[in-house]
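Data first, discussion second: the structure below is written as structure tokens.
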Amino acid sequence: MSDRLSRLAPLTGVIFAVLAVVGVFSGSETPEANASSAKVIAFYRAHSSEVKTSTIIFVFAFLFLVLFAGSLRSYMRRTPAADGPAAIVLAGAVLMTAGALTSSSVEFGLAENLSHLEPATAQTMSLLSNELFLPVLGGAFLFAIASGLAILRGARLPNWLGWVAIVLGIAALIPPASFPALLGFVIWSIIVSVLIYLRTGPGAPAPPMDAPGALEASSG
């Protein structure tokens with residue numbers, strides 16, 4: 001059973017991507033950081049259920065991102081030259097998840113307790129939920145750049161995926177391109193997830209005997 005679960009682990013990237021897309025399109029766009037208290041209250045009063053649903057979906061999406069990053073790191077570490085960047089991949093995923101969960105918690109709390117909040121408090125919470133998304137962008141930068149470097153160092157994935165990851169990581173820090181970059185990251189995650197599954201799942205070719213773990217695999 002554990003062997004089967006380990007083979008399926010790379011597909012957590014697909015689950016992350018699906019949940020992230022559903023989370024984006026299941027809720028309305030929240031007020032901007034400079035929105036007035038009246039606009040914030042009106043929005044959360046009208047879209048309370050949508051906000052709570054989308055935030056819960058986002059929580060699960062980013063938890064699966066950490067699982068995917070762990071699987072990706074394990075795959076990349078099979079190439080000794082990629083070991084260093086692979087560790088940063090997991091760190092980037094954790095940073096993204098921390099930011100997403102914190103921002104989602106503030107949004108959920110705002111939607112859940114709106115009737116008990118003063119207008120100024122609601123406005124402040126709305127501002128926080130917007131600004132707390134910055135760790136997600138910073139984590140995406142680390143995740144993508146480290147993944148790109150690991151791939152270019154020979155981490156058994158097509159080189160073009162490495163270059164795409166680096167471009168997405170840089171674009172994530174440029175405000176006009178941040179959201180498109182995150183959508184691109186979602187698509188990239190699906191491709192990488194499926195490729196790793198095909199290369200490690202049932203019927204995949206055995207790794208070279210000089211690769212790390214090959215002797216253990218053959219003896220098992």
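The values are calculated or read from the model by the stated rules, or taken from the named source; none is laboratory data. Since this is a predicted model, take the numbers as computed values, not measurements. Using ideal geometry, Cβ is built from the backbone for each residue, glycine included, and neighbour counts are taken over all protein chains shown. Ligands, DNA and RNA are stripped out before the accessible areas are found, and what is left, the full protein with its side chains, is counted by its heavy atoms. Shrake-Rupley method; radii C 1.70, N 1.55, O 1.52, S 1.80 Å.
Given a 1.4 Å probe and heavy atoms of the protein chains only, how would you sort Lys39, Lys52, largest accessible area at the top?
Most to least solvent-accessible, the answer reads Lys39, Lys52.
What label, among (1) 28, 20, 17; (2) 38, 17, 13; (3) 29, 24, 18, belongs to semi-axes √(5λ) of the Cα gyration tensor in Å computed from the structure on display?
(2)
Heavy-atom accessible area of Val40 with all protein chains present, probe 1.4 Å, nearest 10 Å²?
Ignoring ligands and nucleic acids, Val40 comes out at about 0 Å².
Quote the relative contact order of region 50-131 in percent (integer), defining contacts as alpha-carbon pairs under 8 Å separated by 6+ residues.
Relative CO of region 50-131 lands at 37 percent.
Counting only heavy atoms of protein chains, what accessible area per residue, in Å², does region 97-186 have with a probe of 1.4 Å?
46 Å²
Going from most exposed to least, what order do Trp188, Trp163 have by accessible area with a 1.4 Å probe?
Descending accessible area places them as Trp163, Trp188.
Counting Lys +1, Arg +1, Asp -1, Glu -1, what net charge surrounds Arg199 among other residues with beta carbon under 12 Å of its beta carbon?
Net charge around Arg199: +3.
With axes computed from alpha carbons, what is the tilt in degrees of helix 83-112 against the longest principal axis of the chain, rounded to the nearest 10 within 0 to 90?
20 degrees
For Arg153, what charge total do you get from the other residues with a beta carbon under 15 Å from its beta carbon, if Lys and Arg give +1 and Asp and Glu give -1?
Spelling it out: positives minus negatives among the neighbours equals +3.
Test of understanding: what is the full-extension gain from Ile170 to Glu50, defined as 0.36 nm times their sequence separation minus their Cα-Cα distance?
Difference between extended and current length: 40.1 nm.
Could you check the simple spin-label distance between Leu134 and Ser6, using points 7 Å along Cα→Cβ, in nm with one decimal?
4.1 nm
Just to confirm the number: angle between the C-alpha axis of helix 134-152 and the first principal axis of the chain, 0 to 90 degrees, nearest 10?
Roughly 20 degrees, rounded to the nearest 10.
Got a sec? What order do Phe108, Phe68, Phe60 fall in by accessible area at 1.4 Å, biggest, i.e. largest, first?
My answer, sorted largest first, is Phe60, Phe108, Phe68.
What is the dipole size for the chain, taken about its Cα centre, with +1 at each Lys and Arg Cβ and -1 at each Asp and Glu Cβ, in debye to the nearest 20?
580 debye
What is the gain in length, in nm to one decimal, between Trp163 and Ala98 on full extension, counting 0.36 nm per residue of separation less the C-alpha to C-alpha distance?
20.8 nm
Using a 1.4 Å probe over the heavy atoms of the protein chains, calculate the carbon and sulfur portion of the accessible area of region 35-179 as a whole percent.
69 percent
How far, in nm, would the chain grow between Asn34 and Leu198 when pulled straight, counting 0.36 nm per residue and subtracting the alpha carbon separation?
Length gained, Asn34 through Leu198: 54.4 nm.
Out of Asn34, Pro175, Ala9, whose Cα points farthest toward the positive end of the dipole of the chain (charges: +1 Lys, Arg; -1 Asp, Glu; placed on Cβ)?
Value computed over the given set: Ala9.
Below 8 Å between Cα atoms, with a sequence gap of 6+, how large is the relative contact order for region 99-197 in percent?
The value is 22 percent.
Find which of Ala82, Tyr44, Gly23 sits farthest along the positive direction of the dipole of region 20-149, computed with +1 on the beta-carbon of Lys and Arg, -1 on that of Asp and Glu, about the Cα centre.
Result: Ala82.
So if I place +1 on the C-beta of Lys and Arg and -1 on the C-beta of Asp and Glu, and nothing else carries charge, what would the dipole magnitude of region 70-166 be about its Cα centre? I want it in debye, nearest 20.
Dipole magnitude for region 70-166 comes out near 780 debye.
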